[in-house]
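Read the figures in this text as sums done on the coordinates, not as results from a lab. It should be emphasised that the depicted structure is a prediction, and the values quoted were computed from it without experimental measurement. We place every Cβ from the backbone using ideal geometry, glycine too, and count neighbours over all the protein chains shown.
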Amino acid sequence: MTAGGVELDPVHPPAALYVHVPFCRSLCPYCDFVVVAGAAAVGPRNRVGALLAALLREIDLRAAALDATLGPPGHPRRPPLATLYVGGGTPSLLSADAVAELVDRVRARFGLADGAEVTLEANPGPDDRGDLAGFARAGVTRLSLGAQSLDDAELRSLGRRHRAGDVAEAVLAARAAGIGQVSLDLLYDVPGQRLASWAGTVEAALEMAPDHLSCYALTLDDPDAEGLTGPTGDHLPTTAGARRWRERARAAQDEDRAAAAYALADAELEGAGMPWYELSNWARPGAESRHNLAYWERRPYEAVGPGAHAFDGARRRWNAARLEAWLEALTPARGGPAALPPGDGEEIDAATAAAEELILGLRTARGVARDRARSRADEMAWAHEAGLVEDCPGERVRLTLRGRLLSNELFARLI
C-alpha cells in the first residue's frame, strides 16, 4: 500500500506523533479544539500532574502495541519518528521539566530520528509563553505561536489574553532561547476586522521575520449539531456564551472580504520570500511544517491525549474528548490496570482513500501527478475550464490562486 507516494508497511508504523495538552487559562469563544480552562489548568487544584502521568501512560500503551507487531524502536520495520508535535490548548503552560519528560519518553518508546522536528504550541502572553529556554533544552526545535491578530482591538474581540506587543516579545524570546524555527498563526474574517487592519497584521508579522505563517479564515462550526460531542465524540460541547458569540460573529463575516484578505496575504508573503506550500500555510524555503506535511501526504501518525486523532494508513482513530473519562482509563483512581481511553474510529475504504489522497495533494503547492488527476477526469476537466487548476512542472497539476479561493467547490465534487 502507498500513501502520498510512500510505501507503507502492512502494519503502518507512524512517521509522526501528536500529543494533545488541553489546558488553557481561559476559553476563547471561537475555539473548537478540546480545551479545559480555569482551575484545572492553573492554580492550586490544577490537573497538570494528572495529565502528564496519563500522557506518559498512553505513550507507553500505544508504543507497546507497535512493539508487539513491529519490534522495538530501531527495528528495521520500526523507523523512528520524524516529527513530534505538542499541541493544545496551551502546552507552554507545562514546565520545561514536564516537556522534557514527554520528549524523553517519546524518544525511548517510539524513537526520534536525528534532526527530528519537535514543535510546541504556545500563547504569546508573558504568563502563557512559558520557559522558552527550558523548552529548547528539552528538545523543542520549533515554536508555534497563536498570535491570531496583531491588532489589539481584534484581539479583544476574539477574547484573547495577549496583546500585539506580546507577540513580538515572544518571537524575540524564542530566538534568544535558541529555538530554531518560529511560526505564527493568524486569523482573518474576524469580528471588527477591515482589510486595512488585516494588511497591518500581515505587515507587522513579516517585520518579526518568522520562518512560517499560517493564515486561517475564522470558521464557526457547530460540533453539537454535527453530533461530535457525545461520550465517544472528539469535541466538547459548546458553551452558551460561545454559541451567542459565534452567532454575532457569523453575521458579521463576509466571503468577499475573506477572499480579498487571503489574496492580500498570499501576495505579501510571496513577495517576502515565503511562498505558499499548503492552502493555509506559507514558509521560508526549508521551514515548512514537516509534521503537518505528514498529514497532507497521508502518512501514518500516532496521537495521544483527549480528543487526539491517529491514522495508520487504513484506519482513522480518535480518543474521546472528555478529560475525566480519559484520565480514569489511563490512571484509574482505585489503582487498577491502565487501559486505552474511550474513543472511536473508522475504516477508510479504497474509494475514500483515493479521494482523500487527491484532495490532500491538491491542498499543497506540489499538487498531484497529472496521471493521478486523470482518474477523476470529469471533475478535473471542470476545474481546468473554471480556472481552478493549472499544469505545472514535473507532469503535475495544482490549484491556481482562484482555485485556492474556491477549493471547497472542487473538493465537494471529488468526495
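Are any residues in the stretch 59-87 of a type in the set (G, A, S), in contact (Cβ under 8 Å) with a residue 24 or more places away in the chain and over 13 Å from V304 (Cβ atoms), and if so, which ones? G74, A82, listed by residue number.
Please verify whether the stretch 214-222 includes one or more residues that are among the charged types (D, E, K, R), surrounded by fewer than 16 Cβ atoms within 10 Å (Cβ to Cβ) and over 21 Å from the mean Cα position of the chain (by Cα). No, that holds for no residue.
Can you tell me which residues in the stretch 15-54 are within 26 Å of E297 (Cβ to Cβ) and touching a Gly at 6+ places or on another chain (Cβ under 9 Å)? Y18, V19, H20, V21, F33, V34 - these are the residues of the stretch 15-54 that are within 26 Å of E297 (Cβ to Cβ) and touching a Gly at 6+ places or on another chain (Cβ under 9 Å). Screening the stretch 352-387 for residues that are within 26 Å of the chain's Cα centre (by Cα) and not in a helix (DSSP H, G or I) and picking the one that is surrounded by the most Cβ atoms within 10 Å (Cβ to Cβ) gives V368. Of all residues in the stretch 318-349, exactly one satisfies the criterion of being assigned to a strand (DSSP E or B), of a type outside the set (D, E) and either surrounded by fewer than 17 Cβ atoms within 10 Å (Cβ to Cβ) or touching a Cys at 6+ places or on another chain (Cβ under 8 Å) (or both), namely G345. Taking the criterion of being within 25 Å of A354 (Cβ to Cβ) and either touching a Leu at 6+ places or on another chain (Cβ under 8 Å) or in a helix (DSSP H, G or I) (or both), the residues of the stretch 280-298 that qualify are N281, R290, H291, N292, L293, A294, Y295, W296, E297, R298.
None of A240, A267, A249, A261 is over 20 Å from the mean Cα position of the chain (by Cα), without any contact (Cβ under 8 Å) to a residue 12 or more places away in the chain and under 22 Å from G159 (Cα atoms) except A240. Of the residues making up the stretch 141-154, just one is of a type in the set (A, V, I, L, M), crowded, with 23+ Cβ neighbours inside 10 Å and more than 16 Å from the chain's Cα centre (by Cα), namely L150.
R175 fulfils the conditions (1) part of a helix (DSSP H, G or I); (2) touching a residue at least 12 places away in the same chain (Cβ under 8 Å); (3) not polar (S, T, N, Q) except for a single criterion, (2).
Any residue at all in the stretch 267-288 that is closer than 27 Å to W198 by Cα, among the small types (G, A, S), surrounded by 15 or more Cβ atoms within 10 Å (Cβ to Cβ) and touching an Asp or Glu at 6+ places or on another chain (Cβ under 7 Å)? Among the residues of the stretch 267-288, at least one is closer than 27 Å to W198 by Cα, among the small types (G, A, S), surrounded by 15 or more Cβ atoms within 10 Å (Cβ to Cβ) and touching an Asp or Glu at 6+ places or on another chain (Cβ under 7 Å), which makes the answer yes.
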